[in-house]
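As structure tokens, the structure follows; a few thoughts come after it.
The values are calculated or read from the model by the stated rules, or taken from the named source; none is laboratory data. The structure presented is a predicted model; accordingly, all values stated were derived computationally and were not measured. Every residue, glycine among them, receives a Cβ derived from its backbone with ideal geometry; neighbour counts consider all protein chains shown. Areas reflect the complete protein model, heavy atoms only, side chains present, ligands, DNA and RNA absent. Shrake-Rupley method; radii C 1.70, N 1.55, O 1.52, S 1.80 Å.
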Amino acid sequence: MKNVLVGGQYGDEGKGKIISYLAIKDNPEVIARGGVGPNAGHEVHYKGKRYPMRMLSCGFVNEKARILTGAGVVVNPDVFLKEIELIHGNPKRCGVDFRATWLTKEHIERDGSQTPGAIGSTKTGCGPAVMDRAGRVAKTVAECPELKPYLADVVKEVHHAKNVLVEGSQGFMLSVLYGTYPFVTSKDVSASSIAADVGLGPKDIDGVIMVIKSYTTRVGGGPFHGEQSREEAGKVGMQEYGTVTGRPRRTSFELHWDDLKLAATINSATQIALTKIDVKFPGNAGVRKYGELTGEARKFVEEIEHKLGIPVALIGTGPDSEDIIDRREKVL
Ligand code: GTP
Ligand code: IMP
Ligand code: MG
């Protein structure tokens with residue numbers, strides 16, 4: 001089984017938590033990260049500790065899996081090595097494709113001075129690193145001495161393994177092609193691109209899990225319909241703060257159906273993982289059986305399935321990786 005997991009909104013859908021659940025439950029041999037770079041922050045709670053992961057996959061919670069970062073990702077060696085330390089990783093467990101782009105301090109400086117302010121970039125240097133790659137003047141991680149022990153051929157590894165989970169980053173509405181251009185990130189982040197980031201082609205993919213949060217948030221500039229004030233969002237527990245920048249996220253209580261339909265189509269989503277249903281509908285915290293959700297919550301799940309025509313196979317009911325309803329056997 002080779003599955004790709006992507007964000008269906010503006011990032012921060014809770015991909016980290018879903019990945020960490022699947023990493024343990026499905027026990028993939030290889031968990032590989034695609035997407036842009038250290039602009040992403042995927043948060044996972046594991047054994048009472050919070051891990052905000054920017055370069056390595058949240059799949060690290062499975063200590064037997066190979067944790068890889070694909071060629072398509074721009075890599076900040078300092079962040080990569082700090083996360084290796086954080087998870088007590090080593091070259092036997094973790095690797096980065098030797099073809100990946102080396103994100104340098106100069107890229108970070110340029111992000112600060114050149115990226116248009118209105119976009120609200122994370123200023124982590126990703127855009128300039130992607131530009132240098134396209135301009136064919138970037139270095140690759142193979143030239144970075146500190147990363148030598150971690151260099152890997154991710155393409156070979158993902159093709160050799162039977163059970164692979166690919167972790168995408170950002171979300172569909174931030175895609176440079178299909179999102180709210182120019183208020184977007186620097187790459188396409190739909191499933192095909194995420195797969196290509198780690199070296200998988202369209203026929204290698206068995207399933208696409210699209211993660212959506214029960215409401216919509218966005219951090220940074222750009223159009224955002226149904227936006228509520230921070231005060232209103234706070235009253236219902238929907239005021240969030242960015243994992244990477246700590247900035248307050250903008251909140252809309254609704255799902256943006258037209259955007260989600262396009263996201264489902266272009267991602268070829270085969271299943272939905274719905275997060276934070278407990279935040280949207282109080283009374284559902286920690287529920288692990290579908291039948292135990294409140295009627296209102298179940299109606300919401302049915303509405304999503306009806307409008308998008310895709311089964312909601314996983315439902316998050318709390319921050320812990322185990323706070324999840326796994327309906328895959330029933331609905332897939
Ligand atoms: P990604 O970038 O998509 O990985 O999300 P993120 O980690 O940036 O998202 P965010 O910081 O908003 O959410 C992560 C936090 O929400 C983590 O602490 C998760 O444990 C928690 N979380 C994820 N899913 C759920 C859920 O279904 N219910 C609740 N209450 N919390 C959740
Ligand atoms: P950049 O990719 O850091 O230049 O940021 C461009 C836009 O994408 C900004 O609005 C960021 O807030 C947003 N963005 C980039 N990565 C993420 C992410 O992982 N989660 C949420 N927003 C992101
Ligand atoms: Mg995030």
* Asked: Does residue 216 fit the bill of being within 16 Å of ligand 3 (Cβ to nearest atom) and either in contact with a helix residue (DSSP H, G or I) (Cβ under 9 Å, 6 or more places away or on another chain) or in contact (Cβ under 8 Å) with a residue 60 or more places away in the chain (or both)?
  -> yes
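Among 269, 263, which is under 21 Å from residue 219 (Cβ atoms), surrounded by 15 or more Cβ atoms within 10 Å (Cβ to Cβ) and more than 11 Å from ligand 1 (Cβ to nearest atom)?
Numbers: 269 fails: under 21 Å from residue 219 (Cβ atoms).
Of the residues listed, the single one that is under 21 Å from residue 219 (Cβ atoms), surrounded by 15 or more Cβ atoms within 10 Å (Cβ to Cβ) and more than 11 Å from ligand 1 (Cβ to nearest atom) is 263.
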* Asked: If you go through the stretch 96-114, how many residues are open to solvent by 40 Å² or more (accessible area, probe 1.4 Å) and closer than 19 Å to residue 170 by Cβ?
  -> 1
* Does residue 35 meet the test of being touching a Leu at 6+ places or on another chain (Cβ under 9 Å) and at positive phi? -> no
* To do: Inspect all residues belonging to the stretch 149-165 and state whether any of them is within 16 Å of ligand 1 (Cβ to nearest atom) and outside any helix (DSSP H, G or I).
  => yes
* For the stretch 23-52, which residues satisfy the criterion of being under 16 Å from residue 84 (Cβ atoms) and either in contact with an Asp or Glu (Cβ under 6 Å, 6 or more places away or on another chain) or of a type in the set (S, T, N, Q) (or both)? -> 33, 52
* Asked: List, please: which pairs have Cβ atoms under 8 Å, are six or more places apart or on different chains, and start with a residue in the stretch 131-155 that is open to solvent by 80 Å² or more (accessible area, probe 1.4 Å) and end with one that is not in a loop (DSSP other than H, G, I, E, B)?
  -> 133/74; 133/101; 139/101; 139/102; 143/102; 146/77; 146/81
* Structure fact -> Of the residues in the stretch 212-237, those that are within 19 Å of residue 8 (Cβ to Cβ), open to solvent by 10 Å² or more (accessible area, probe 1.4 Å) and part of a loop (DSSP other than H, G, I, E, B) come to 219, 220, 222, 223, 224, 225, 226
* Asked: Which pairs do you get when a residue that is more than 16 Å from ligand 2 (Cβ to nearest atom), found in the stretch 234-249, comes within reach of a residue that is aromatic (Phe, Trp, Tyr), reach meaning Cβ atoms under 8 angstrom, with the pair 6+ apart or on two chains?
  -> 236/253
* Residues (open to solvent by less than 10 Å² (accessible area, probe 1.4 Å) and more than 16 Å from ligand 2 (Cβ to nearest atom)) located in the stretch 34-59 -> 59
* Asked: What number of residues within the stretch 133-148 satisfy the criterion of being outside any loop (DSSP other than H, G, I, E, B) and either within 16 Å of ligand 3 (Cβ to nearest atom) or more than 20 Å from residue 56 (Cβ to Cβ) (or both)?
  -> 3
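If only one of 307, 276 is over 30 Å from residue 112 (Cα atoms), of a type outside the set (Ser, Thr, Tyr) and within 16 Å of ligand 2 (Cβ to nearest atom), which one is it?
The conditions single out 276.
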* Restricting attention to the stretch 15-33, and to residues there that are surrounded by fewer than 21 Cβ atoms within 10 Å (Cβ to Cβ) and among the charged types (D, E, K, R), which single residue is farthest from ligand 2 (Cβ to nearest atom)? -> 29
